[in-house]
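Everything below concerns the one structure shown next.
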Amino acid sequence: MNESETNRQPVLSAQGITKRFGGLTAVDDFSVDLQRGEIVGLIGPNGAGKTTVFNLLTGVYKPDGGGCTLSGVSTSKLTPDRIVALGVSRTFQNIRLFKDMTVLENVQVGFQPIVRQGLFGAILRTQHFRAEEKELERKALALLDLMGLAQLRDARSASLAYGQQRRLEIARALAAGPKVLLLDEPAAGTNASESVDLQELIRRIRELYSLTILVIEHDMPFVMGLASRILVLDHGVTIARGTPDEVRRDPQVIEAYLGTTEIGKGSCP
Amino acid sequence: MLEGLLNFPNMANHLTLIGIYVILALSLNLINGSLGAFSLGHNAFWGMGAYVAGMLIWTTGSPEGSFFGFVGSLAAAMLAAAFFGLLVGIPCLRLRGDYLAIATLGFAEIFVICARNSEGWTVFNQERGLGGAAGFSLGDGFQGGNDFALSMTGSLNGRYLFYFAFTWTMVALTFITIRNVLRSAHGRAIESIREDETAAELLGVNLTHYKVLAFVIGAAFAGLAGALFANYRATVSPSQFLLMEGIKILLMAVLGGLGSMSGCVVAVFVLYVSEQALTTLAMHVPFLSFSTQGFELVDKPLKDLWQVIFSIILVLLMLLKPQGLMGRRELDRKYVHEILVSWKQDPILPSVTLLQWLLLLLTLALSASPLSLLASIAVVVGLQVFKQKRRSFRVAAPAGGTQA
Amino acid sequence: MNEFLIQLLHGLTLGALFAQVAIGYTMVYGIIKLINFAHSEFYMAGGFAGLLSLAYLCGPGKPLDTLPGSAQLLLGVLLAGLLVAALAVLTERLAYRPIRSSGRIAALLTAVGVSLLLQNSFIAVFGNRETAFPHVLEDARYPRWRVALDELQPGQVSEYLIAYRTPIRDWKGNVLKDANEKPLGYSHINLVRAGQAVNAKNLEQARSSSIENLYAYPAVTVSKKQGVIFFSLLLSSLALFVLVQHTRVGRAMRAVSHDFETASLMGINTSAIVALTFAVGGFLAGMGGVLAGGMFIGTVAPMMGFMLGLKAFVAAVLGGIGSIPGALLGGLALGLVEQMTQHYADRMFFQGASAYRDAIAFLILIGILLVRPTGLLGRFEGEKV
């Protein structure tokens, strides 16, 4: 494929994926095409199935219908670690750091898809091994620096403040150099000014690492300000898609959230 | 008791056994501590190594033995145990904590049952197979001169010295290998599985690969310990590798702190020395006993009660200090530094601890009556309460302060 | 065919014992997600509790020694059950409750520790050997029908086995009596086997001994002891069923086992419910110990809980851990498998195969965990990401 064709092919594409748990259809016929460099928002009331979509995209759940592709490669038969190796990375709704490991080690685990050292190299401490370890440490510190966490490198990750933990999780997700980043409620627990800083950070990393980002959020100003496109989920069904303005005015969306008031003016319940 | 301990062959003997237990504890620590799995079947890996090494020496060994044969048996044992670890690890991959524990226990029990019924396994020896419940000895055993270490060094003392030195070389090898694995991307991957398996998988960690790896490495080193044990003891029998032995190794790893390698070493020493001390103490304790006459209080020698004490230690440990002596910390420069800082800030605490230890050791070494032991334990507990009170009153406690 | 039926009955009896103990495992796991390793020692303690109760209350010269055998047995079973229930609640209170928040591995290790503690304490007190259980129940096999001695002629071919009970005598022929002037024991003597002719000498001997009850037995019989075991399991299961399904307390138990936190938020005293679960499980295990010691094995030993406990646990997993009917099913199934293995393996595979019957239980365990971890009747517990 030539350059222009690659650029036009969606980096991540979900085609009609569906997931059922017993009698409940958590996600119904969800489709999205993420183009290179986009930031797309995924919103919806609690329990709408947004995190389930993430789980489907990363292979934690196998879809009952439909499938996804990453840069044209089908992911339906792959285990999560293989999917991640193809270039997707995610953060979690409830922060899932490796609590007893240090900040630096947390980021270093993120390098797993690109690590080349062999076991015997590690045991015998070969030149190759030591060189790679040095390189990994350098890269990890660069990421931590970007997040403003470099001075906390040897602290136990559980001892960090909430906001710092969120940023560490993002740093960890960036370690392997993914093409697509899935952020699950990154602004949860942030106040207004922290939320603005986070928006800045996300824009910066998109620039720096040529990322395509899919964001789940409840914080309306945050997602409206960041995303160029938004999808709205309610009870597993995609009820609206379009630009932030279009979605904000969509009557179905308003009803799903609040009933009568316009959304986008202040934060959501 | 002290004099008995300090004479040379005795010392070397104890230290050799301690070394073997250290290897076992370190290998278990990799699986239960670093990977975070709950394997209760480590005694089977140990036994597997012992049996394989023993079989090899027994069937192919020459009367004087040979160094090659010895080392060969170690290598074969490691391979066999590693393979058994693979066998156990693969099915157990998808099992959670409790189920994994029981499944590994099941595998270990199957091993013991097979070992007990091994008279029929006549592939290796037409007469008695693998000896069944009685086991077998490697040739005529070292008393009969049929032992390479004996023939190489020419004397019994030499044999002890050789095994002591060789075993501790193996300990160092084990320690360094496992430490090097842990301080690498592979080690971080393994630990991340312990911390949060799902998150690890979503960062590209191949769960299957690393879980099996940890099992296999752990099993291999347990096999090494088994091979050393078999060669040293010159006999192999199922009763050496019962579940109780596996639990003992688990206690050592837990006491040291699951996840701490230096903790393992310390804990093995502590437990082994305590066991020796309590079982050789000529102390009698009044204890309940039931016979045809009914219940009565008899004076039981303390060594018969060692198992009971051991179980109480395990329960108390889990109730009071489940993270063990060192938690996940290693005895490295940073740790020692922290200790020294806390000592400088409040010299009373470490001095009291020193006092506690001295009191216990002196009582054990000098006295022979249960009353004095009880009294000194009471004083130690009282001092411990004093330390707790004092710690909780200290407002400016150092962050990351250590226990003493 | 007869051989098979006999083995079937034996297997079901063994299975009933497994089930009795498996219920306790499954109930505790269902409620606090803990494998109570010490449960097998509750069973063992029950055996000893029964032994001691009977020895001190119903032995010769003791207050209740005039009670009929079945009443004594009932007393022994109840006392053992109550004592072990108390032990179980105590264990939960002292050892399991404090570590409930410390994570799975700590809880499991504590359970292992308690199990070892009980085992070793009993070994220290009672010695690592078997102690005979008091003989309270006269065994008998059913169905059977009376035969009058006069009916029999020498040379007559008998369709059934005919046997009689006679008191044990000394070499002179005098009946041996105990301190209460009752016969020390009885032995069963076969007069004629099924399909054989009556021997004149045997008939003479029978006429001269003071025989008590001449009976004819078919090839397949159930013994009174087996009946007691089955009946106990039946009664326990029924009582448990009523408790769990038709009482308020039972509803609370079910609620707690479904969702611990929500149940406590709904106002259920979860600590009390947990204690009750342990008590019930312990009671059943204690019963099992007495039944095994008195009716099945004939002896109690400090290590008797180890193997049986592990197998009962396998039974619980087989049936679906957390499911009481599963424990019943699993127990009976495992008992059958083990009995059949023990009896037929030598013929079917190779000589000496039956010694591996203990390994069968573990192979089943591993197999179940791999193929269908929720067991036959269990429910699926997934993980929320």
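The values are calculated or read from the model by the stated rules, or taken from the named source; none is laboratory data. For clarity, every value in this text was computed on a predicted model and none was experimentally measured. So basically every Cβ, Gly included, is an ideal-geometry build from the backbone, and we count neighbours across all protein chains shown. For accessibility, only protein heavy atoms count, side chains too; no ligands or nucleic acids. Shrake-Rupley method; radii C 1.70, N 1.55, O 1.52, S 1.80 Å.
A few remarks follow.
- Computed about the Cα centre, the dipole magnitude for chain A is approximately 760 debye when only Lys and Arg (+1) and Asp and Glu (-1) carry charge, each at its Cβ.
- Length-normalised contact order of chain C in % [C-alpha pairs under 8 Å, at least 6 apart]: 33 percent
- Surface accessible to a 1.4 Å probe, C:GLU151 within the full protein complex, Å²: 120 Å²
- Projected over every direction and averaged, the convex hull enclosing the alpha-carbon atoms of chain B yields 23.6 nm².
- For chain A, adding -39500 (n - 2.57) for each run of n ≥ 4 DSSP H residues and dividing by the number of residues yields -11500 deg cm²/dmol at 222 nm.
- Residues in the range C:266-283 carry Karplus couplings, in order, of 7, x, 7, 6, 4, 4, 5, 5, 4, 4, 4, 4, 4, 4, 5, x, x, 4 Hz; the curve used is 6.51 cos²θ - 1.76 cosθ + 1.60 with θ = phi - 60°, and Gly or Pro positions show x.
- Protection proxy ranking, peptides A:53-60, B:179-186, average beta carbon neighbours within 10 Å, highest first: A:53-60, B:179-186
- Computed log₁₀ I(q)/I(0) - Debye formula, equal Cα scatterers, no solvent, the range C:41-109, q 0.11, 0.23 Å⁻¹: -0.39, -0.92
- With contacts taken as Cα pairs under 8 Å at a separation of at least 6 residues, the range C:145-218 carries a relative contact order of 48 percent.
- The range C:144-186 and the range A:7-31 have Cα centres lying 82 Å from one another.
- Calculated accessible area for the range A:101-176 comes out at 45 Å² per residue, all protein chains present (probe 1.4 Å; ligands, DNA, RNA ignored).
- Straight-distance crosslink candidates among aspartates and glutamates, where the alpha carbon sits under 19 Å from A:LYS77 and sequence neighbours closer than 8 are dropped: A:ASP29, A:ASP64, B:GLU201
- Length-normalised contact order of chain B in % [C-alpha pairs under 8 Å, at least 6 apart]: 24 percent
- Think of it as helices only: each DSSP H run of n ≥ 4 in chain B is worth -39500 (n - 2.57), and spread over all residues that comes to -22500 deg cm²/dmol at 222 nm.
- DSSP beta bridges fully contained in the protein assembly as shown are about 75 percent antiparallel.
- Positive-end extreme of charge dipole, the range C:145-218 - chosen from C:ASN202, C:TYR160, C:SER187 (charges on Cβ): C:SER187
- Residue-span extension gain [C:GLU138 to C:PHE241] - 0.36 nm each, minus C-alpha spacing: 34.0 nm
- Calculated FRET efficiency for the pair C:SER264/B:SER372, C-beta based, R₀ 56 Å, to 0.05: 0.70
- Accessible area that becomes buried as B packs against A, both chains, 1.4 Å probe, Å², nearest 100: 2500 Å²
- Among C:MET295, C:MET303, C:MET287, residue whose mean-square fluctuation peaks in a GNM of chain C (springs only between Cα atoms under 10 Å): C:MET303
- For the range B:2-241, convex hull volume per residue from C-alpha positions, Å³: 128 Å³
- Efficiency of FRET from Cβ geometry, B:ALA165 and A:PHE120, R₀ 30 Å, rounded to 0.05: 0.70
- Computed as a quarter of the hull surface, the mean projected area of the alpha carbon convex hull for the range B:197-272 stands at 6.6 nm².
- Computed with the Debye formula from one identical point scatterer per Cα of the range B:306-396, without solvent, the log10 of I(q)/I(0) at q = 0.13, 0.16 Å⁻¹ comes to -0.61, -0.91.
- Measuring spread by the Cα atoms of chain C yields a radius of gyration and Dmax of 23.8, 82 Å.
- Taking amide H positions as modeled 1.01 Å from N, with prolines and chain starts lacking one, the residues under 5 Å from C:VAL198 and 5 or more places away or on another chain are C:GLY155, C:GLN156, C:VAL157, C:SER158.
- Simple spin-label estimate for C:ARG129 and B:THR280 gives 3.0 nm between the two label positions (7 Å along the Cα-to-Cβ direction from each Cα).
- Accessible surface buried upon B-C contact (total; probe 1.4 Å; Å², nearest 100): 4000 Å²
- Computed over protein heavy atoms with a 1.4 Å probe, the carbon and sulfur contribution to the accessible area of the range B:298-358 reaches 69%.
- Summarising the label geometry, the points placed 7 Å from Cα in the beta-carbon direction at A:ARG82 and C:ASN174 lie 8.8 nm from one another.
- At a probe radius of 1.4 angstrom, the accessible area of chain B per residue rounds to 42 square angstrom.
- Within chain A, helices built from complete DSSP H runs that reach 15 Å or longer along their own axis (Cα positions) and carry a mean Kyte-Doolittle hydropathy of -1.0 or higher are A:127-147, A:162-174, A:192-209.
- Selection from C:ALA88, C:ALA124, C:ALA361 lying farthest towards where the dipole of chain C points positive, charges on Cβ: C:ALA88
- Taking amide H atoms as placed 1.01 Å from N in the peptide plane, the amide H of A:ALA240 lies under 5 Å from those of A:VAL232, each 5 or more residues away in sequence or on another chain.
- Carbon and sulfur %, accessible surface of the range B:2-241 computed with the full protein complex present, 1.4 Å: 64 percent
- Site pair C:LEU370 and A:ASP100 shows an inter-label distance of 3.0 nm when each label is modelled 7 Å from Cα along Cα→Cβ.
- Sequence-distant residues sharing a close amide H with A:ALA26 (under 5 Å, placed H): A:LYS19, A:ARG20, A:PHE21
- Taken over the protein assembly as shown, the convex hull of the Cα atoms encloses 236 Å³ per residue.
- Rg and Dmax of the range B:148-258, both derived from C-alpha coordinates alone, stand at 18.1, 59 Å.
- Computed about its Cα centre, the charge dipole of the range C:92-212 is approximately 540 debye, with only Lys, Arg, Asp and Glu carrying charge at their Cβ.
- Net length gained if the chain between C:VAL220 and C:MET303 were fully extended (0.36 nm per residue, minus Cα distance): 26.6 nm
- Measuring between their Cα centroids, the range A:89-153 and the range B:290-344 lie 37 Å from each other.
- Ordering of B:371-377, C:308-314, B:266-272 by packing [mean C-beta count within 10 Å, highest first]: C:308-314, B:266-272, B:371-377
- Hull shadow area, averaged, the range C:145-218 [alpha-carbon convex hull, nm²]: 5.2 nm²
- Highest-fluctuation residue, A:ARG82, A:ARG130, A:ARG203 considered, GNM on chain A with Cα pairs under 10 Å: A:ARG130
- For the residues C:ALA163, C:ALA194, C:ALA148, a GNM of chain C with alpha-carbon springs under 10 Å puts the largest fluctuation on C:ALA148.
- Compactness of the range A:101-176 was expressed as the Cα radius of gyration divided by 2.2 N^0.38 Å, which yields 1.13.
- Nearest-ten-degree value, helix C:104-126 long axis tilted from longest Cα axis of chain C: 30 degrees
- Cβ-placed point charges (K, R +1; D, E -1), dipole of the range C:145-218 about Cα centre in debye, nearest 20: 160 debye
- Straight Cα distances below 18 angstrom link B:LYS248 to the lysines B:LYS303, B:LYS321, with same-chain residues fewer than 8 positions distant left out.
- For the range B:62-117 versus the range B:371-388, the gap between their alpha-carbon centres in whole angstrom: 43 Å
- Karplus (6.51, -1.76, 1.60) ³J(HN,Hα), θ = phi - 60°, over the range C:9-14, in Hz, Gly and Pro reported as x: 4, 4, x, 5, 5, 4
- Per-residue mean of C-beta atoms belonging to partner chains within 10 Å, peptide B:302-311: 4
- DSSP beta bridges in chain A [antiparallel fraction, %, rounded to 5]: 55 percent
- Take the Kirkwood radius over Cα pairs of the range A:1-151, plug it into Stokes-Einstein at 4 °C and 1.567 mPa s, and you get 72 µm²/s for translational diffusion.
- Ranked from largest, the principal axis spans of the Cα set of the range C:282-322 equal 30, 19, 15 Å.
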